[in-house]
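Shown next, in structure tokens, is the structure this report addresses.
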Amino acid sequence: DVVTGYATYAGVNPDQVLVSRGADEAIELLIRTFCEAGQDQILICPPTYGMYAISAETCGIGIVELALTANRQPDWPAIADRLSDVKLVFLCSPNNPTGDLVGRDGLITLLEQAQNRAIVVVDEAYIEFCPAATVVDLLARFPNLVVTRTLSKAFALAGIRCGFTLAHPDLIAMLAK
């Protein structure tokens, strides 16, 4: 089946995979599952993919914006300072529109700081253009990491609307509800 096939492709177990109608549905599903309308916030680092803000606004969720630094990286200390204020941190790697990869060391530090505080979502919609940069291997260490993927970009299959969420089995089970 598609879950087993994608799990094998991504290097995870099938219970770590949720299939959605495109990665955009995965983004909205994450927000709907882990945020309460009128109460919670997400964090984004513009310029970045616009759907994070659109989905948050659609769901009545606040948005904390922390601009990328001059070297086009997330402002790691500023994000860490806001972890108590947000439920989800969205990072796009490679970023849309800049094409930059999120720095691995900064991400690992953030994941450590965010444990039991916030979920860090790494959007890997364009990862097939630089597969060595994936952070899927970090799923084994960090139950607060979520990776979203899509078949729309490198596979040129936007018309079939197929996305994947990769995460700890407990998070996948919550999303599947």
- Message: Of everything in segment 30-65, what is open to solvent by 30 Å² or more (accessible area, probe 1.4 Å) and of a type in the set (A, V, I, L, M)? Give them in sequence order.
- Response: Ala37, Met51, Ile54, Ile63
- If Tyr9 passes every condition in (1) open to solvent by 50 Å² or more (accessible area, probe 1.4 Å); (2) part of a helix (DSSP H, G or I); (3) closer than 16 Å to Phe90 by Cβ but one, which one does it miss? (3)
- Note on the structure: Selection over segment 92-150 where residues are assigned to a loop (DSSP other than H, G, I, E, B), closer than 17 Å to Phe164 by Cα and among the aliphatic types (A, V, I, L, M) yields a count of 2
- Only one of these is open to solvent by 10 Å² or more (accessible area, probe 1.4 Å) and within 23 Å of Arg21 (Cβ to Cβ): Leu91, Leu151. Name it. Leu151
- List pairs: first in segment 119-142 and more than 20 Å from Met174 (Cβ to Cβ), second charged (D, E, K, R) and open to solvent by 20 Å² or more (accessible area, probe 1.4 Å), Cβ under 6 Å, 6+ apart or cross-chain? Ala125/Lys153; Tyr126/Lys153
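The values are calculated or read from the model by the stated rules, or taken from the named source; none is laboratory data. The model shown is predicted, which means the values in this text are computed figures rather than measured ones. So basically every Cβ, Gly included, is an ideal-geometry build from the backbone, and we count neighbours across all protein chains shown. The protein model used for the area step is the full one, side chains on, heavy atoms only, and it has no ligands, DNA or RNA in it. Shrake-Rupley method; radii C 1.70, N 1.55, O 1.52, S 1.80 Å.
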